[in-house]
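For reference, the structure is listed below as structure tokens.
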Number of protein chains: 2
Amino acid sequence: MANGSGTGPARRASDRGRYGRLNRERVLSAALALVDREGLSALSMRRLGAELNVEAMALYRYAASKDALLDGLVEALYLELEEQLAADAGEDADWRAGLHRFARATYDVCLAHPQAVPLLATRLLAVPLARRPAAVLRDHERVLALLRKAGFDEATASAVFRAFTAWLHGYVSVELRPMVDNPDETDPAFRLGLHRLSAKELPTLRETAAALAERGGPEGLAAGLDALLDRFTNGSASAASG
Amino acid sequence: MANGSGTGPARRASDRGRYGRLNRERVLSAALALVDREGLSALSMRRLGAELNVEAMALYRYAASKDALLDGLVEALYLELEEQLAADAGEDADWRAGLHRFARATYDVCLAHPQAVPLLATRLLAVPLARRPAAVLRDHERVLALLRKAGFDEATASAVFRAFTAWLHGYVSVELRPMVDNPDETDPAFRLGLHRLSAKELPTLRETAAALAERGGPEGLAAGLDALLDRFTNGSASAASG
DNA sequence: CGCTTACGTTTACGTCGTATAGGGATGGCA
DNA sequence: TGCCATCCCTATACGACGTAAACGTAAGCG
């Protein structure tokens, strides 16, 4: 048993005072910390309980199921995004700047929690729009409001929103794909595990792998975003810039 | 027990003749079929074994672990992509057309196996480049070769490759996000579950949700791809068009 | 003080991935 | 033909998982 001390029958409720009562935020931040530290596969109800000095079943008071807990983690990421957005400038010069700010903040949050990023893909593919976590919906609202205020009609705003989301999430996902095969190795080629790539069948990949392993960084993200957005301003749609 | 008939001690080896011997391809295609039919969570070693009239442990001869089996599913998707690409025209007019063909084929394969798509995100975030399934590496090789042959230098080809991949995967992922909350409902608003979206706090999202639920289709994919590629041809990089 | 409600524990069940050992068919060689 | 090695699948078992149900026990109220 995870009893604090002695050979008592079990953890006494008075021990709780040591760590304070449980609540949703404590559960979620412990879960996120655990995932950051040891990866998604380390996150089990029992393990998370142990992390909080509590039995696994206690967590079900704050998340209806493990899937709900994972949705909670997604929400936690978006809450961090909201904080990050609140931290710097309030309003943006124009809608493009607004989208860039959003994109950059999302990028930063994702890079800060690389192990949690797969959740964004899996949970958002599992949960229908209306049931997404509140913070996610607030994010959508802000982006859409930004676009509508800029003069885009409903259909165009929705198209821009989708393109924005696709690029942002795709970019982060590609940015986080692991390239290093053997971290202990000093030689770059061995580090990348190039000896696994047949020189006969994969010559181009082999010679490009080193370049591929470089990150695009926030600049790459911004550049692609601009390229996509140009299509909606230079193209058919009607859009103001204030 | 999953015995064919009677009360014999267990399935006899002679029963194998009924279905033929197991092999990797049979295992993977049964796994993909199961995922297509019942979703990723239905895929367990025991269940897949049952599907093949075999005990779970038999599968370990064809996949070293469950994670390896999932990587096998990713490979299966890319094999289907290769088939699809081989089916239509052989060579492309230029590199842009080549990328569009690739993108379209990937889009089609993903839409044909929506339940398997999360694997692309999760497994490619879990496995380093050099250990990706062979079919995935062949895909990379083809795209990179296309770009180098078009005259892009190593760095630019790698940047284009990353942007291409990011857009493609992001687009598919957004396209497959479920929008319908209650499929039994006929009224569009209830179907989307708009009553869950506070009219006060999420007004824009609420009014845009219907438009958001529409798909961008292959056209949207192609449009965004062109927008991104323009950046690399009109911009600084040097690239021919043959 | 006693009652209610909220919170955490205990116990238990079925399923999961997989280590290990065993058995029965198969194919090569005498 | 008979024997043995090899391959393929089964049998059994273990620990961990998610979670239903029932049970204390502490906290806050009158």
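Here is a list of conditions, (1) open to solvent by less than 40 Å² (accessible area, probe 1.4 Å); (2) of a type outside the set (A, V, I, L, M); (3) within 14 Å of B:S173 (Cβ to Cβ), and B:Q115 meets all of them except one; can you say which number that is?
(1)
Can you confirm whether B:R196 is basic (K, R), in the same structural domain as B:A166 (by TED's automatic domain parsing) and over 26 Å from the mean Cα position of the chain (by Cα)?
Values: basic (K, R): yes; in the same structural domain as B:A166 (by TED's automatic domain parsing): yes; over 26 Å from the mean Cα position of the chain (by Cα): yes.
Judged against the criteria, B:R196 is a match.
Out of the residues in the stretch B:45-65 that are closer than 17 Å to B:S29 by Cβ and near DNA strand C (Cβ under 6 Å from one of its atoms), which is nearest to the other protein chains (Cβ to nearest Cβ)?
Checking each candidate, the answer is B:M45.
Being part of a helix (DSSP H, G or I), more than 14 Å from A:L129 (Cα to Cα) and among the hydroxyl-bearing types (S, T, Y) is the filter here; which residues of the stretch B:166-190 pass it?
Once the filter is applied, which keeps residues that are part of a helix (DSSP H, G or I), more than 14 Å from A:L129 (Cα to Cα) and among the hydroxyl-bearing types (S, T, Y), the stretch B:166-190 yields only B:Y171.
For B:Y19, only one of the following conditions fails: (1) in contact with a helix residue (DSSP H, G or I) (Cβ under 7 Å, 6 or more places away or on another chain); (2) modelled with pLDDT under 95; (3) more than 8 Å from DNA strand D (Cβ to nearest atom). What is its number?
(1)
Among B:A126, B:A116, which is within 16 Å of DNA strand C (Cβ to nearest atom), in a helix (DSSP H, G or I) and within 13 Å of chain A (Cβ to nearest Cβ)?
Details: B:A126 fails: in a helix (DSSP H, G or I).
Going through B:A126, B:A116 in turn, just one is within 16 Å of DNA strand C (Cβ to nearest atom), in a helix (DSSP H, G or I) and within 13 Å of chain A (Cβ to nearest Cβ): B:A116.
I need a count of the residues in the stretch A:196-225 that are surrounded by fewer than 16 Cβ atoms within 10 Å (Cβ to Cβ) and more than 8 Å from chain B (Cβ to nearest Cβ).
Selection size over the stretch A:196-225: 6.
Being in contact (Cβ under 8 Å) with a residue 60 or more places away in the chain and open to solvent by less than 50 Å² (accessible area, probe 1.4 Å) is the filter; apply it to the stretch A:133-156 and report the residue that is nearest to the chain's Cα centre (by Cα).
This residue is A:V136.
Has the stretch A:75-89 got at least one residue that is outside any helix (DSSP H, G or I) and in the same structural domain as A:E175 (by TED's automatic domain parsing)?
yes
Considering only the stretch B:141-158, state which residues are within 23 Å of B:Y78 (Cβ to Cβ) and at the interface with chain A (Cβ under 7 Å from one of its Cβ atoms).
B:E141, B:L144, B:A145, B:R148, B:A157, B:S158
Among the residues of the stretch A:201-215, are any in a loop (DSSP other than H, G, I, E, B), touching a Ser or Thr at 6+ places or on another chain (Cβ under 8 Å) and touching a residue at least 60 places away in the same chain (Cβ under 8 Å)?
Applying the first criterion (in a loop (DSSP other than H, G, I, E, B)) to the stretch A:201-215 yields A:201-202, A:214-215.
If we keep only those that are touching a Ser or Thr at 6+ places or on another chain (Cβ under 8 Å) too, we end up with A:214.
Of the ones still in play, those that are also touching a residue at least 60 places away in the same chain (Cβ under 8 Å) are none.
Within the stretch A:201-215 (the criterion being in a loop (DSSP other than H, G, I, E, B), touching a Ser or Thr at 6+ places or on another chain (Cβ under 8 Å) and touching a residue at least 60 places away in the same chain (Cβ under 8 Å)), the answer is no, since none of the residues qualifies.
Return the pairs, sorted by first residue and then second, in which the second residue is β-branched (V, I, T), the first residue lies in the stretch B:181-195 and is touching a residue at least 12 places away in the same chain (Cβ under 8 Å), the beta carbons are less than 9 Å apart, and the residues are 6+ apart or on different chains.
Matching pairs, first to second residue: B:L192/B:V180; B:G193/B:V180.
Which of (1) of a type outside the set (S, T, Y); (2) surrounded by 13 or more Cβ atoms within 10 Å (Cβ to Cβ); (3) at pLDDT 95 or above is the odd one out, the single condition A:A64 does not satisfy?
With respect to (1) of a type outside the set (S, T, Y); (2) surrounded by 13 or more Cβ atoms within 10 Å (Cβ to Cβ); (3) at pLDDT 95 or above, A:A64 is out only on (2).
Scan the stretch A:71-86 and tell me whether some residue there is more than 14 Å from chain B (Cβ to nearest Cβ) and within 15 Å of DNA strand D (Cβ to nearest atom).
Checked the stretch A:71-86: at least one residue is more than 14 Å from chain B (Cβ to nearest Cβ) and within 15 Å of DNA strand D (Cβ to nearest atom).
Answer yes or no as to whether A:D108 is part of a loop (DSSP other than H, G, I, E, B), more than 9 Å from chain B (Cβ to nearest Cβ) and among the acidic types (D, E).
Against the criterion (part of a loop (DSSP other than H, G, I, E, B), more than 9 Å from chain B (Cβ to nearest Cβ) and among the acidic types (D, E)), A:D108 does not qualify.
Exactly one condition in (1) within 16 Å of DNA strand C (Cβ to nearest atom); (2) surrounded by 14 or more Cβ atoms within 10 Å (Cβ to Cβ) is not met by A:L73; state its number.
Looking at each condition in turn, A:L73 falls short on (1).
Tally up the residues in the stretch B:90-105 that are without any contact (Cβ under 8 Å) to a residue 60 or more places away in the chain, in a helix (DSSP H, G or I) and open to solvent by 20 Å² or more (accessible area, probe 1.4 Å), please.
Total meeting the criteria: 2.
What about A:L85, is it in contact (Cβ under 8 Å) with a residue 60 or more places away in the chain, open to solvent by less than 20 Å² (accessible area, probe 1.4 Å) and within 27 Å of B:R196 (Cβ to Cβ)? I'd like the intermediate steps shown before the answer.
On the way: in contact (Cβ under 8 Å) with a residue 60 or more places away in the chain: no; open to solvent by less than 20 Å² (accessible area, probe 1.4 Å): yes; within 27 Å of B:R196 (Cβ to Cβ): yes.
In short, no.
The values are calculated or read from the model by the stated rules, or taken from the named source; none is laboratory data. This structure is a prediction, so every number in the text was calculated from the model and none was measured. In this analysis, Cβ positions are derived from the backbone assuming ideal geometry, glycine residues included, and neighbour counts consider all displayed protein chains. With ligands, DNA and RNA removed, areas are computed over all heavy atoms of the protein, side chains included. Shrake-Rupley method; radii C 1.70, N 1.55, O 1.52, S 1.80 Å.
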